[in-house]
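Working notes, beginning with the structure itself.
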Amino acid sequence: MKARRPAFLRLLAAAVLLLAAGAVFPAAAAAHAALESSDPAAGAELATSPARILLTFGEKPDPKLSLVKVVDSAGAFVPGASPVRPVPGNDLQLQVELSQPLPKGVYTVNWLGVSAEDGHVESGDFAFGVGEKPAPGAGVVVSLSHESTFTDIGGAAGRWLLYTGLVLMVGAASTSLLVFGGKLPAGGVVILRIAAVLGVVGLCVMVWIEKILVGAPSLMPLFLTNEGELLLALGVALLFCIGAIVLVDLWPARWSLWLVGVAGSAAMLVHVIAGHAASGSSLWLLNTAVQWVHLTAVGVWVGGLFWLLFGLRGAEPAARGAVVGRFVTIATAMLIVVLVTGLARAMVEMGSLGALVDTGYGITLLVKVALVAGLVLLGALNHFYWAPAVTRGEAGPVARRFSLNSRGELVVGLCILAATAVMSGLAPPPPKPASTGAAAALPATVLVAAASRASAPQTDEPVPPLSSITTAPSRP
């Protein structure tokens, strides 16, 4: 095992150097549904009333879910404003037509943009004046967002349950086929059933939270949106996973284990298509492939580690050594894949080095990197110390240390899945602040909090439900 140590260290050093290079030379990020410009512009003083309000976003907004409300200095909605409409020929723009001229005064445009690509919500406001210049802070904030701490926590919990279930499925197939000679460990079907339940419960929570976020009175209006269609597709993928698990129970064989692994990885792909990787970039196909490989490698590594420990219960030292040796080789390869693909995705999503500490997405990424570093450290302890001893057939304290250290890896791996679940619910930072002011670049939750502290008059007019919007559904 000592002969392999330099090669392992060289691979690990190369991954660290790539990570450092990515931090120094970050790639441009997708802008998502953040506002990039407007007409009238923020702070503009117009001589006459505009005929419409035109908003341009960094990513295609969903006109069925996005909202724009124009209020005067007293917080009253201006009469004659049309519902939000797409701009023909430009799917990055939304418009609100004004059928009645605006009198002299200061007006605030409150907007909420829902990405048609990944369902993320951005919101903000900006002020302009007709016949007078808006003073700093003169805008009247109206909260249009349904986001809350409850939806943030609920969405992350749903995604974490889904990830855990899929990782267990992929790990069951890879470890059984490559480590245990094509046999699922005794009692493994029960674990696979639990994994299926975790995935289904996670999806149901995700659907429920998305229904709240879009303000849908029932599930049918939600499923007419692009995000709803992708949730339905994920449900179909989970049905295939359940069918594969049933086949493993009825006909335990290599081919049925392959089906479980393929179905679990396919469900991961469907989820990736609904997320950051498939949105806002000409390289969406490459980004999607990289993210899919990343998640599948996590399943083989972290999920496989669970199945390794599960399958080693009561095994003799000689049999334990051969199994551990095979898994260590696979885990080392998956470690490199996870680091390289994770770096590639971070370089795409992060718009600047400063965004690592200035945005929720960046801070969560730093937490995930710290957890991954801890996981690598625990893996190195197993790779260099405990696993070689177990492979040589040693038992007693050495075997217990390997088992304890591996359980620590599993705990950290579950924490990494939790951090990933939180990141999936956050929009990556835009490449630059929106031209309509700092407020437009802030997350919706920050704007809602700011609204509660504002001294300007507020309005109690409810946000129109999704069912009241009759625009025909469309796909990006």
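The values are calculated or read from the model by the stated rules, or taken from the named source; none is laboratory data. All values derive from a computational prediction rather than experimental measurement. Reconstructed Cβ throughout: ideal geometry from the backbone, glycine too, with neighbour counts over all protein chains shown.
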Apart from one, (1) closer than 24 Å to Leu308 by Cα; (2) assigned to a helix (DSSP H, G or I) all hold for Ala156; the odd one out is (1)
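Residues are listed down the side, and each one gets a yes or a no for (1) within 18 Å of the chain's Cα centre (by Cα); (2) modelled with pLDDT under 95; (3) not assigned by TED's automatic domain parsing to the domain that holds Glu122:
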position	(1), (2), (3)
Pro134	no, yes, no
Leu161	yes, no, yes
Leu168	no, no, yes
Met206	yes, yes, yes
Lys211	yes, yes, yes
Worksheet item: Is one or more of the residues making up segment 111-125 polar (S, T, N, Q) and over 26 Å from the mean Cα position of the chain (by Cα)?
Response: no
Checked segment 331-351 for anything touching a Phe, Trp or Tyr at 6+ places or on another chain (Cβ under 8 Å) and within 16 Å of Gly413 (Cβ to Cβ); matches are Ala331, Thr332, Met334, Leu335, Val338
Picked from segment 113-138 (must be in contact with a Lys or Arg (Cβ under 7 Å, 6 or more places away or on another chain) and assigned to a loop (DSSP other than H, G, I, E, B)), the residue nearest to Gly43 (Cα to Cα) is Glu132
Of the residues in segment 171-208, those that are farther than 30 Å from Ala315 by Cβ and either touching a residue at least 60 places away in the same chain (Cβ under 8 Å) or surrounded by fewer than 22 Cβ atoms within 10 Å (Cβ to Cβ) (or both) come to Val200, Val201, Cys204, Val205, Val207, Trp208
Matching residues in segment 311-329 (buried (at least 18 other Cβ atoms within 10 Å of the Cβ) and part of a helix (DSSP H, G or I)) number 7
